[in-house]
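Below is one structure, written out as structure tokens, with a few remarks after it.
The values are calculated or read from the model by the stated rules, or taken from the named source; none is laboratory data. Because the structure is a prediction, the values reported are computed rather than measured. Every residue, glycine as well, gets a Cβ built from its backbone with ideal geometry; the counts of neighbours run over all protein chains shown. Quick note on the areas: whole protein, heavy atoms, side chains included, nothing else; ligands and nucleic acids left out. Shrake-Rupley method; radii C 1.70, N 1.55, O 1.52, S 1.80 Å.
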Amino acid sequence: FQVFNIPKSAGEVYYGTGICTGNMQITGSFEDISISARAKTNKGTRLFIPLDQASSEDIGESFITFQKSGPAQKLIPKDSLRRKINLSGIRMDFDLDVTEEAYGEIIFDQKAGDIIRANGTGKIKLTIDTRGEFSVIGQYAIKKGDYHFTTYNLVNKDFDIRPGSTITWNGPVLGGVM
């Protein structure tokens, strides 16, 4: 089934198309709805996460840290960059098996082309509590990916992302560790 089909528009936390197979259960009233699912992504799933709502200067300072070796770095935005969606009254519990057929992009600066593109696999748990708090727990392993890095319109560099590179979440969606 098609889980979502969200067009690209300013201010959206994500957009794209989600095609999944699995089981879903929806219970409760419209004021207090509970949605649970166990699903697997399928061909045609394309997820885009635009982080370029802030200026490229803010993003460069708050999201990206390069280092030669050592522990993974977090992609945590400044508090002023966090976007909230009113999801109060909804409980959601999704266990998602992400397959290599799904494609995703993290867009730091669309105009400059500062984008991470990837296909991979993972087990991701998505939850929303009745206060509207959105949480992501799990790990995504990149099978194929690249990153076109740009900064201040001076540096343009392409990077291949090594297969097996991961993004791990243990709470906020923008708190993923790469």
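Of the residues making up the stretch 95-125, just one is open to solvent by 40 Å² or more (accessible area, probe 1.4 Å) and of a type in the set (F, W, Y), namely Y103. Residues in the stretch 30-50 that are modelled with pLDDT of 85 or more and open to solvent by 50 Å² or more (accessible area, probe 1.4 Å): R38, K40, K43, R46, L47. Taken over the stretch 1-25, the criterion of being in a loop (DSSP other than H, G, I, E, B) and loosely packed, with under 10 Cβ neighbours inside 10 Å is satisfied by P7, S9, A10, G11. What do you reckon, is S55 more than 20 Å from the chain's Cα centre (by Cα) and either at pLDDT 50 or above or loosely packed, with under 12 Cβ neighbours inside 10 Å (or both)? No; evaluated as a whole, the condition is false for this residue.
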